[in-house]
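A short worksheet on the structure shown next.
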Amino acid sequence: MKKLIAIAALAAATFVSAQPSMYYWFVNEKTGEKVCESELPGADWKKVDETIYQDFECKNKL
């Protein structure tokens with residue numbers, strides 16, 4: 001029983017500490033292409049601005 005309680009507590013702690021992903025608009029400096037990503041896509045890319053979105057389509061601001 002103690003083992004079950006410990007597993008449940010660990011699972012609950014993991015769930016509570018999880019945070020939503022943060023997405024940003026990036027623009028390619030060479031092609032002008034715009035993408036919504038959680039990380040910098042590559043060397044030729046830069047953030048459009050510091051606005052944070054909660055979805056992978058960059059529709060809902062965080």
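The table below gives the values:
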| quantity | calculated |
| --- | --- |
| Contacts under 7 angstrom Cβ, first residue in segment 28-42 being of a type outside the set (A, V, I, L, M, F, W, C), partner surrounded by 11 or more Cβ atoms within 10 Å (Cβ to Cβ) and at pLDDT below 95, 6 or more apart | S38/S21 |
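Okay, residues lined up against (1) surrounded by 13 or more Cβ atoms within 10 Å (Cβ to Cβ); (2) on the phi > 0 side of the Ramachandran plot; (3) in contact with a Cys (Cβ under 7 Å, 6 or more places away or on another chain); (4) modelled with pLDDT under 95:
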residue: K3; (1), (2), (3), (4): no, no, no, yes
residue: A9; (1), (2), (3), (4): no, no, no, yes
residue: T14; (1), (2), (3), (4): no, no, no, yes
residue: A18; (1), (2), (3), (4): no, no, no, yes
residue: C36; (1), (2), (3), (4): yes, no, yes, no
residue: L40; (1), (2), (3), (4): no, no, no, no
residue: I52; (1), (2), (3), (4): yes, no, no, no
residue: K59; (1), (2), (3), (4): no, no, no, no
residue: L62; (1), (2), (3), (4): no, no, no, yes
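The values are calculated or read from the model by the stated rules, or taken from the named source; none is laboratory data. The model shown is predicted, which means the values in this text are computed figures rather than measured ones. All Cβ positions, glycine included, derive from the backbone under ideal geometry; neighbour counts span all protein chains shown.
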